[in-house]
Amino acid sequence: MKKRRAIYPGTFDPITYGHIDLIQRAARIFDEVLVAVADNRGKVPFFSVPERLEMIRRAVRAVPNVQVDCFDDLMVNYAKRKKIPVVIRGLRMVSDFEYEFQMALTNRTLNRAIETLFLMPSEQYSFLSSSLVKELARLDADISAFAPGFVEKKLKEKLRAPGRGALKRRTG
């Protein structure tokens, strides 16, 4: 019997409880879920690809049908190489819809064999983003409701590193 496989691509910079929620939901639907970290050279991530991979692996280690990998080319090409026909994307708010719809149609144009499945996170994560978590950590807020403790620890370690300190205060 053919296994139902899906890919959940993203930057995961860092992984949050919202991401973990979607991974767990996808893992209940599919036999195999590949969480794929995008190595987007157009962005300057807070964490390196190896750091993000390690955090994701730690976050999903209790979910047996999840694998973690990275890619640095078009996601549809990567999915095709891996023989994965379904892309998982999260929709938090209406504001996500336009971008995700555009990406899904673009991916369909590039590869008609790949379908996009949109999942909504649990209500408590519907506003959550990696950017928000990083901003809260920069401001020394408690992020334990938004990301695992090991993510908070890594964020705080990075923020203490030279050149990564607290936000500069705006003047004027």
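In sequence order, region 18-24 has phi-based couplings of x, 4, 4, 4, 5, 4, 5 Hz under the Karplus curve 6.51 cos²θ - 1.76 cosθ + 1.60, θ = phi - 60°, and Gly or Pro positions carry x. Cβ-Cβ distance of ALA161 and MET1, R₀ of 45 Å, FRET efficiency by 1/(1 + (r/R0)^6): the value works out to about 0.35. Pick the calculated Cα extents along the principal axes in Å for this structure from (i) 57, 37, 30; (ii) 83, 35, 22; (iii) 48, 35, 31? Only one listed value fits the structure, namely (i).
Counted by Cβ distance under 12 Å from TYR78, the other residues give a net charge of 0, where Lys and Arg count +1 and Asp and Glu count -1.
The local environment of ALA36, defined by Cβ-Cβ distances under 14 Å, has a net charge of +2 under the rule Lys, Arg +1 and Asp, Glu -1. Extending 7 Å from Cα along the Cβ direction at LEU110 and again at SER48 yields two label points whose distance is 2.6 nm. Region 44-86 and region 89-132 have Cα centres separated by 17 Å. For the chain, a simple Cβ point-charge model (Lys and Arg +1, Asp and Glu -1, everything else neutral) yields a dipole of about 360 debye relative to the Cα centre. Per-residue packing, averaged as other Cβ atoms within 10 Å, sorts the ranges 136-144, 37-45, 85-93 into the order 85-93, 136-144, 37-45, beginning with the highest.
Bear in mind these aren't lab numbers, they're just calculated from the coordinates by the rules spelled out. All of these numbers come straight from a predicted model, not from anything done at the bench. Heads up, the Cβs are rebuilt from the backbone with ideal geometry, glycines too, and the neighbour counts pull from every protein chain shown.
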